[in-house]
1. Residues of segment 256-274 with the amide nitrogen closer than 13 Å to a label point 7 Å from the Cα of Ser281, along Cα-to-Cβ, please.
2. Can you compute 3J(HN,Hα) from phi for each residue in segment 58-67, using the Karplus curve 6.51 cos²θ - 1.76 cosθ + 1.60 with θ = phi - 60°, rounded to whole Hz and x for Gly and Pro?
3. Hey, what number do you get for the chain at 222 nm if only DSSP H runs of n ≥ 4 count, each worth -39500 (n - 2.57), divided across all residues, to the nearest 500?
4. Only one of the values (i) 27, 22, 21; (ii) 33, 22, 17; (iii) 42, 30, 21 was calculated from this structure for semi-axes √(5λ) of the Cα gyration tensor in Å; name its label.
5. What FRET efficiency comes out for the pair Ala123/Met1, r = Cβ-Cβ distance, R0 = 35 Å, nearest 0.05?
6. Taking the Cβ of Ile83 as the centre, find all other residues whose Cβ is under 12 Å away and add up their charges (Lys, Arg: +1; Asp, Glu: -1).
7. Below 8 Å, C-alpha to C-alpha, sequence gap of six or more: please give me the relative contact order for segment 180-295 in percent.
8. Let a ≥ b ≥ c be the square roots of the eigenvalues of the Cα gyration tensor of segment 160-256; is it rounded (a/c under 1.5), or, if not, prolate (a/b larger than b/c) or oblate?
Amino acid sequence: MLKEIKSIPLATFMSQLGYFPVKTQGYRLWYKSPLRQEHTASFKVQADINCWYDFGIGKGGNIIDLAAELYQSNDLRYLMDCIARCVSVSPPQTVASSSPQRHSAPSFTDIEVVPLRHHALVAYLQERGIPAQIAVKHCKQIHYSCRGKRYYAVGFANENGGYETRNRYFKGCIAPKDITLRRIRDGPTNDVAVFEGFIDYLSALKLGIIQGMDAIILNSVSNVGKAIPYLRDYNTINCYLDNDNAGKSAFATISDEFGNVIDRSFLYTWFNDLNEYLTQSKNAINPIFQQTKISKL
C-alpha cells in the first residue's frame, strides 16, 4: 500500500487539493506553494521522479513528506489514509508514466450537497467539541463518488463554490479552494475574526468569543493573500491562527498589510490551535476568554 501511495503523481494530488501549475518546463511543474502564501511560484514538482521542493522553506521530498507538511502529522497510517481518500489509488502499474505528469480531472464525481444529518458526521464533530446545533447550522453533508465507490463527509463551503471536507478518516477539499467569509449582517462589522480552518471557527462559536464579529476562514494559510481585500473593510482584525510557524507566517503577512491586527493565539498558548484548546483544556472557557468576550482586548 505504501508503494502504491508513493506512486500517485504529485500533480494529481495537488489538483485534488485545488492547486494547479502556474508554469510547466518539461518535467518541472511550478506552483504557488500550498504550504505558505506567496506571489511568485517557487514550489516545484519534478514529475519524472515524482518529488517536490519548496524553495521558500527549503523542504522537499515525496508525497508522504508533502502530506506530513499539509496535515501537520507524522502518523504514517493517517497520512496514507488522507492521500488515498483525496486521490483514488490506482494499481501501481498504471500510475507511473514516462512523460511529464499533468493534473488530471478531479476524481470526485456525482457530488451531492445536503443538510448535515448523518449521525456519524455529527458525532465526529461532537468529538471535536462542536455541538450538533452549531454543526448543523454551519456545515453541510457532502456525498461524492470516487472510482465507483460512494463516500460522505462534512462539508464547509467557500466563496468560490468549493468545499472543505472532513470526516474521521479524511481531510481534503472539493475544488476550487478558497477562503470563506461569514457575515452576521448585510454590511461588515467593526471587528473581524480570522481562522486558519473551519473547525477552529466552529470552536470559537462554541466558546462564544467572536460575538458581534464577522469571520474569515482561510481554509489554508496559503490563502491568506485572498483574504487581504476583504480585511480592508474592518477596523480591527483578530487573528485566531495556529501556534506554529505557518500560523505565525500568516499573522505576519496580515500585520504587514494592516496596523489594526491583534494576535489572539496567546489565549491558547499551550495548545496548537483553538480546537485543541477546546477539546483538551480542563477549563474550556477560562477567565482570559471571558475577559476577551467583554472587553475585546
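1. Output list for this probe position: 264-274.
2. After applying 6.51 cos²θ - 1.76 cosθ + 1.60, I find x, 10, x, x, 9, 5, 5, 5, 5, 4 Hz.
3. That calculation yields -9000 deg cm²/dmol at 222 nm.
4. Derived directly from the coordinates: (ii).
5. 0.80
6. +1
7. 28 percent
8. rounded
Each reported figure results from applying straightforward, stated rules to the coordinates on display, with no laboratory input. These numbers were taken from a predicted model, which means no experiment stands behind them. Positions of Cβ are backbone-derived with ideal geometry, glycine not excepted, and every protein chain shown enters the neighbour counts.
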